[in-house]
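The structure under discussion appears below in the form of structure tokens.
Every read-out reported here was derived from the displayed coordinates using simple, explicitly stated rules and does not represent laboratory data. Only a predicted model underlies this, so the values are computations on that prediction, with no experimental measurement involved. Ideal geometry is used to build each Cβ from the backbone, glycine not excepted, and the neighbour counts take in all protein chains shown.
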Amino acid sequence: MTKPLEGIKIIDFTHVQAGPACTQLLAWFGADVIKVERPGSGDVTRNQLRDIPDADALYFTMLNSNKKSLTLDTKKPEGKEVLEKLIRESDVLVENFGPGALDRMGFSWERLNELNPKMIVASVKGFSDGHHYDDLKVYENVAQCAGGAASTTGFWDGPPTISAAALGDSNTGMHLAIGILTALLGRDKTGKGQKVAVSMQDSVLNLCRVKLRDQQRLERVGYLEEYPQYPHGEFSDVVPRGGNAGGGGQPGWVLKCKGWETDPNAYIYFTIQGHAWEPICKVLGKPEWINDPAYKTAEARQPHIFEIFGTIEAWLADKTKFEAVDILRQFDIPCAPVLTMKELANDPSLRASGTIVEVPHKKRGSYLTVGSPIKFSDMKPEVTASPLLGEHTDEVLTSLGYSKQDIFNLREVKAV
Ligand code: CAO
């Protein structure tokens with residue numbers, strides 16, 4: 001089966017998570033992704049949090065599948081020469097070095113554009129160009145704080161909180177992938193490459209859009225009626241942390257199920273969607289609430305929403321999270337069990353859909369990873385193992401016209 005991005009050659013100058021997540025996605029969809037790594041060490045994540053001595057860490061294998069690995073010291077003149085050749089015949093270069101690193105290496109946007117005017121140069125940085133923090137190096141949690149996620153996540157009586165979801169890293173990589181695909185479509189029309197830049201702060205903020213909505217509502221009316229602080233608590237002039245409240249017009253909360261005393265994940269998320277109020281009352285054995293003016297509308301329920309959640313928890317006390325959802329799903333009530341990583345890893349539906357995949361690896365045996373979350377009718381993205389460090393160095397150099405002797409010479413000067 002021909003994959004849509006077949007024939008697109010990508011120089012993957014990325015490391016850690018934000019950049020690799022982007023290029024991995026493009027590789028799944030058929031792009032020829034050549035990861036350029038420093039000889040001897042490679043991407044730092046190969047060594048981070050290893051669970052098997054001498055084998056690439058899961059952090060690396062789970063973000064670099066379907067790629068080739070070329071070791072190249074791009075600070076040495078011989079290495080730069082190889083990189084220039086690669087640039088001349090590639091469609092995209094993706095990088096997420098610290099600010100200024102690519103320029104210091106001698107590959108500014110101007111130089112890259114001169115070497116290959118059709119090439120798209122895609123970058124992730126912590127902050128956008130020209131931002132007053134644009135000199136900062138940034139990791140995930142830094143971005144979550146800078147992008148508005150931390151100040152709006154957690155409970156009102158606790159500190160700003162980081163989400164486990166990689167809002168700063170993988171999310172930024174997904175934004176970059178959209179930018180690259182857009183620039184490729186643009187190139188079809190203009191014949192020209194362009195620079196695509198995504199900042200981690202901007203990508204986090206893009207996902208916190210509704211919190212910026214709330215800031216404006218708060219400034220206009222002084223309160224936010226869907227937050228737990230309403231109507232009994234106080235609002236300041238900034239969007240507060242709302243605990244587990246639903247973000248829109250459907251109040252919701254994380255509720256205890258049978259076994260919560262010993263199992264920290266024996267919970268469901270329960271949403272009180274307006275149209276499901278009648279079935280909710282029937283399930284709970286509270287038919288009198290259906291038309292009671294104190295309960296009938298979302299507005300009337302809000303002042304005592306936690307009393308309602310308490311009643312639902314009493315109903316949940318003798319049901320596991322799975323039993324509860326199996327009952328509630330029959331009544332069109334939006335809900336889900338709080339699933340652990342162990343449960344997700346073994347979920348038969350996720351295995352069947354290719355979202356959780358087991359990948360054979362030369363050194364590790366096999367490992368689990370998250371496959372493509374995007375499904376297509378004409379293509380099933382296949383996940384293949386991440387490359388060993390320098391696994392494809394000879395192959396890539398040969399394809400660039402280097403002879404065996406040339407490759408030997410490059411090795412002698414430690415350029416590859
Ligand atoms: N050959 C020779 N040198 C190489 C090389 C290669 N193949 N690959 C990288 N290098 C060099 C770079 O040129 C750079 O050198 P100088 O600093 O001397 O110019 C150096 O390696 C390190 O680059 P770095 O600043 O990117 O690395 P770091 O470990 O200090 O910082 C990080 C890591 C992630 C904080 C930084 O890269 C960054 O801020 N990136 C942008 C934001 C980002 O993507 N963060 C998300 C990471 S995922 O959590």
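Every residue in segment 75-92 that is within 13 Å of the ligand (Cβ to nearest atom) and buried (at least 21 other Cβ atoms within 10 Å of the Cβ), please.
Gly79, Val82, Leu83, Leu86
It is to be established whether one or more residues within segment 234-241 are more than 21 Å from Thr271 (Cα to Cα), surrounded by fewer than 18 Cβ atoms within 10 Å (Cβ to Cβ) and of a type in the set (A, V, I, L, M).
Yes, that holds for at least one residue.
Scan segment 161-175 and report the pairs whose first residue is closer than 9 Å to Ala149 by Cβ and free of Cβ contacts under 8 Å to residues at least 40 places away in the same chain and whose second residue is of a type outside the set (Lys, Arg) and away from the ligand (no atom under 13 Å from the Cβ), with Cβ atoms within less than 7 Å and a gap of 6+ or a chain change.
Sorted first by the residue in segment 161-175, then by its partner, the pairs are Ile162/Ala150; Ser163/Ala149; Ser163/Thr153.
Looking at segment 191-218, which of its residues are out of contact with any strand residue (DSSP E or B) (no Cβ under 8 Å at 6 or more places or on another chain) and of a type in the set (A, V, I, L, M)?
Within segment 191-218, Val204, Leu205, Leu207, Val210, Leu212, Leu218 qualify.
Give the residue, chosen from Leu255, Leu224, Leu218, that is part of a loop (DSSP other than H, G, I, E, B) and either surrounded by 18 or more Cβ atoms within 10 Å (Cβ to Cβ) or touching a Phe, Trp or Tyr at 6+ places or on another chain (Cβ under 6 Å) (or both).
Selected residue: Leu224, the only one of Leu255, Leu224, Leu218 that is part of a loop (DSSP other than H, G, I, E, B) and either surrounded by 18 or more Cβ atoms within 10 Å (Cβ to Cβ) or touching a Phe, Trp or Tyr at 6+ places or on another chain (Cβ under 6 Å) (or both).
Quick one: in segment 2-44, of everything that is crowded, with 21+ Cβ neighbours inside 10 Å and among the hydroxyl-bearing types (Ser, Thr, Tyr), which residue is nearest to the ligand (Cβ to nearest atom)?
Ranking the qualifying residues of segment 2-44, first place goes to Thr14.
Does Lys189 qualify as being charged (D, E, K, R), within 16 Å of the ligand (Cβ to nearest atom) and surrounded by fewer than 19 Cβ atoms within 10 Å (Cβ to Cβ)?
no
So Ala177 clears everything in (1) in a helix (DSSP H, G or I); (2) away from the ligand (no atom under 16 Å from the Cβ) except one condition, right? Which one?
(2)
Would you point out which residue out of Ser163, Ser108, Ser151 is of a type in the set (Gly, Ala, Ser) and within 13 Å of the ligand (Cβ to nearest atom)?
That would be Ser108, the only listed residue that is of a type in the set (Gly, Ala, Ser) and within 13 Å of the ligand (Cβ to nearest atom).
Pick from segment 93-105 the residues that are surrounded by fewer than 22 Cβ atoms within 10 Å (Cβ to Cβ) and either hydrophobic (A, V, I, L, M, F, W, C) or over 23 Å from Val44 (Cα atoms) (or both): which of them is farthest from the ligand (Cβ to nearest atom)?
The qualifying residue farthest from the ligand (Cβ to nearest atom) is Leu102.
Residues are listed down the side, and each one gets a yes or a no for (1) of a type in the set (Gly, Ala, Ser); (2) within 15 Å of Gly252 (Cβ to Cβ); (3) surrounded by 13 or more Cβ atoms within 10 Å (Cβ to Cβ); (4) free of Cβ contacts under 8 Å to residues at least 60 places away in the same chain:
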site: Ile312; (1), (2), (3), (4): no, yes, yes, yes
site: Leu316; (1), (2), (3), (4): no, yes, yes, no
site: Thr320; (1), (2), (3), (4): no, no, yes, no
site: Asp326; (1), (2), (3), (4): no, no, no, yes
site: Arg329; (1), (2), (3), (4): no, no, no, yes
site: Ala336; (1), (2), (3), (4): yes, yes, yes, no
site: Ser353; (1), (2), (3), (4): yes, no, yes, yes
site: Val357; (1), (2), (3), (4): no, no, yes, yes
site: Lys363; (1), (2), (3), (4): no, no, no, no
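Please verify whether segment 141-161 includes one or more residues that are within 26 Å of Leu86 (Cβ to Cβ), of a type in the set (S, T, N, Q) and surrounded by fewer than 21 Cβ atoms within 10 Å (Cβ to Cβ).
Within segment 141-161, none of the residues are within 26 Å of Leu86 (Cβ to Cβ), of a type in the set (S, T, N, Q) and surrounded by fewer than 21 Cβ atoms within 10 Å (Cβ to Cβ).
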